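Note sheet for the following structure.
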Amino acid sequence: MLRVVQSTSAAARLTAAVNFLHSRPPFSEVVVIGASRGAADDLAREVAKALGATFGILRFSLTELAARAAAQFYDGRRTAGTEASSEAMASSNLPSWTFFCALRYLDEVGGTFE
């Protein structure tokens, strides 16, 4: 299920995310993407504290998710094996990825590594 919440209020966005996660069974797999990994972890901890126990909440920052997706794309090819190279490969794929995900606010970043 895809649900988009747009708000300038961080509290409103967090409330919507918490309500959505509370509506899911505690054993269902959910991907939480935060501005930072710490923010995603904080949200998962808040939900786990309220529900008592959860598993299957996968947490990523947007950069981490893009780096993992790029690493899957470049798997088996000869590339440098550093985190910086994974992030560089991920950022080179941002233009197509942002179009796919309709994340237009990343347009400025996507063109910097071409």
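In Å and from the alpha-carbon atoms only, list the Rg and Dmax of the stretch 10-61.
So, for the stretch 10-61, Rg and Dmax equal 10.0, 27 Å respectively.
Want the number for residue 20 to residue 69: 0.36 nm per residue separation, take away the alpha-carbon distance, what's left?
Details: separation 49, 0.36 × 49 = 17.64 nm, distance 2.49 nm.
Result for the pair: 15.1 nm of gain on full extension.
Taking 25 Å as R0, compute the FRET efficiency from the Cβ-Cβ separation of residue 11 and residue 31 and round it to 0.05.
The calculated FRET efficiency here is 0.70.
Karplus couplings for the stretch 38-49 from phi (6.51 cos²θ - 1.76 cosθ + 1.60, θ = phi - 60°), rounded to Hz, Gly and Pro as x?
Once θ is set to phi - 60°, the couplings for the stretch 38-49 become x, 5, 5, 4, 4, 5, 4, 5, 4, 5, 4, 5 Hz.
Using modelled backbone amide H atoms (1.01 Å from N, in-plane), which distant-in-sequence or interchain residues come within less than 5 Å of residue 34's amide H?
40, 60, 61, 62
No lab work stands behind these numbers, since they all come straight from the coordinates. Just so it is clear, the model here is predicted, and its values are computed rather than measured. In this analysis, Cβ positions are derived from the backbone assuming ideal geometry, glycine residues included, and neighbour counts consider all displayed protein chains.
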